[in-house]
Amino acid sequence: MLDRTKIYLSLTIVTVILAVAAAGVVSLEAAGAVEKNKIPAFTLKDFNGKSHSFSDYKDAKAVAIFYVATRCPVSNAYNKRMADLYKEFKAKGIPFIGINSNKMEDADEVKIHAQKHGLTFPILKDINNVVADKFKATVTPEVYVVNTDRDILYHGRIDDSRKQDKVTSRDLYNAFKEILAGKPVTVKETKAFGCTIKRIKK
Amino acid sequence: MKQAGILILLWIGLFIFLSSGSLEAEPIEVKKIGEADLKSILASYKGQVLLVNIWATWCKPCREEFPDLVRLQDFYKGKAVHIIAISADYPDEVNAKILPFLEKFKINFPVYVQDFPRQEDFINYLNREWNGALPATFIYNKENRQQTFFIGKKDFESFQKEIEKTRRP
């Protein structure tokens, strides 16, 4: 083969490969796959049947989304801390949304639990864990702090111990402070033991 | 002579009676383990299939699947498949929480309590894809490589199925 032909052939092959790859990426986004480092958009009903969408929070400085449970001892160990953080940070421009994706914990149970434990932020019922699947959330409690473009600014635990007197690192609190100060979040990703989200069998 | 014989029998009887307490199950030991301990424990099972179950006394599905782990170890006794369980309770809760739970079972595998300085280091040591949800199970093949990882409660049949997948050459 002539050198020129070889070059044209190689260029054609590379172009075809790139075109196919680009088409693949486009079709993935069209299919609604989670974009990297962003949460998905969602609409869910709270335990009073009222619909909430992420887009409702256009004016927030950031939004904190908590995967919670009514029957998980770890999630419950954080009820007071979540209520206290909400009190402090809602006023500063960071609203909270709770999401309960557990198959056995229905809206009524979530409502009674929230009222009993002073959780006053909206808690949405994620039936069949559809939204949890899109988030790839796995544990309760699990927090996602995002900006209004749905970029994840912080993901993981509230702090480093389910026992409040053993806490040494208030990771969520620190993230909130940094966000409000306009600084990048230093510790963006954390982990802690918790309960699995109780998913339906598919 | 007859009296001596009777006395001897009585003493033997008394001895057996007094020592029968120690014939009961040995007290369970739950060792605290850090990273170096975990590394050497995992490595010590090379050549065998190893199932590592992470649980906690506060975790209801963990408590519910525990009897199936005991059954599983009985089933695989002598078949080069081993189970170990590592508790995510606090190390200072061994006596107050862990032992009282374990005493309900005829535990036939080692149970440890994780004692890493930071829980995220323990979580990431086992698998970076794991976010800390319990129960979590990790299965290592004979080459000592982690082949399977899943979260959530499983039953005897499901555990067995996962082990058999790993045993296949």
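Below is a table of values for the structure above.
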| read-out | value |
| --- | --- |
| Number of the exception - B:K2 against (1) modelled with pLDDT under 95; (2) under 30 Å from A:K163 (Cα atoms); (3) among the charged types (D, E, K, R) | (2) |
| Subset of segment A:123-146 [surrounded by fewer than 18 Cβ atoms within 10 Å (Cβ to Cβ) and over 14 Å from the mean Cα position of the chain (by Cα)] | A:I127, A:N128 |
| Among the residues listed as A:D149, A:D165, the single one being of a type outside the set (G, A, S), at pLDDT 95 or above, in a loop (DSSP other than H, G, I, E, B) and surrounded by fewer than 23 Cβ atoms within 10 Å (Cβ to Cβ) | A:D149 |
| Selected residue [more than 30 Å from A:A132 (Cα to Cα), under 18 Å from the mean Cα position of the chain (by Cα) and surrounded by 18 or more Cβ atoms within 10 Å (Cβ to Cβ)] from B:Y140, B:Y112 | B:Y112 |
| Given (1) within 22 Å of B:K153 (Cβ to Cβ); (2) hydroxyl-bearing (S, T, Y); (3) free of Cβ contacts under 8 Å to residues at least 60 places away in the same chain, index of the condition B:S44 fails | (1) |
| Identity of the residue in segment B:81-104, part of a loop (DSSP other than H, G, I, E, B) and under 19 Å from B:G34 (Cα atoms), that ends up farthest from the other protein chains (Cβ to nearest Cβ) | B:D89 |
| Criterion (of a type in the set (D, E, K, R) and within 14 Å of chain B (Cβ to nearest Cβ)) met by exactly one of A:D126, A:D160, A:D106, A:D151 | A:D160 |
| Scope segment A:95-142; condition among the aliphatic types (A, V, I, L, M) and either part of a helix (DSSP H, G or I) or touching a Gly at 6+ places or on another chain (Cβ under 6 Å) (or both); matching residues | A:A107, A:V110, A:I112, A:A114, A:I123, A:I127, A:V130, A:V131, A:A132, A:V139 |
| Residues located in segment A:32-85, provided they are crowded, with 21+ Cβ neighbours inside 10 Å, aromatic (F, W, Y), under 14 Å from the mean Cα position of the chain (by Cα) and in a loop (DSSP other than H, G, I, E, B) | none |
| Any pair with Cβ under 8 angstrom, 6 or more apart, that starts in segment B:69-81 at a residue that is of a type in the set (S, T, N, Q) and ends at one that is at pLDDT 95 or above | B:Q73/B:H82; B:Q73/B:I83; B:Q73/B:F109 |
| Test: residue in segment B:8-25 that is under 30 Å from B:Q160 (Cα atoms), loosely packed, with under 14 Cβ neighbours inside 10 Å, at pLDDT 95 or above and among the hydrophobic types (A, V, I, L, M, F, W, C) | no |
| Filter result for the condition that a residue is part of a loop (DSSP other than H, G, I, E, B), out of contact with any Lys or Arg (no Cβ under 7 Å at 6 or more places or on another chain) and under 20 Å from B:A56 (Cα atoms), over B:F150, B:F116 | B:F116 |
| Flag for A:K191 being in a loop (DSSP other than H, G, I, E, B), within 14 Å of chain B (Cβ to nearest Cβ), within 21 Å of A:I39 (Cβ to Cβ) and not aromatic (F, W, Y) | yes |
| Residues that are farther than 18 Å from B:L72 by Cα and touching a residue at least 24 places away in the same chain (Cβ under 8 Å), drawn from segment B:143-162 | B:E143, B:N144 |
| Single condition B:R118 does not satisfy, out of (1) away from every other protein chain (no Cβ under 13 Å); (2) surrounded by fewer than 18 Cβ atoms within 10 Å (Cβ to Cβ); (3) at pLDDT 95 or above | (1) |
| Tally, over segment B:129-162, of residues that are among the polar types (S, T, N, Q), touching a helix residue (DSSP H, G or I) at 6+ places or on another chain (Cβ under 8 Å) and within 14 Å of chain A (Cβ to nearest Cβ) | 2 |
| Residue ID - surrounded by the fewest Cβ atoms within 10 Å (Cβ to Cβ), chosen from residues in segment B:58-72 that are closer than 13 Å to A:R71 by Cβ and in contact with a helix residue (DSSP H, G or I) (Cβ under 9 Å, 6 or more places away or on another chain) | B:K60 |
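The values are calculated or read from the model by the stated rules, or taken from the named source; none is laboratory data. Since we're looking at a predicted model, the values are computed, not measured. In this analysis, Cβ positions are derived from the backbone assuming ideal geometry, glycine residues included, and neighbour counts consider all displayed protein chains.
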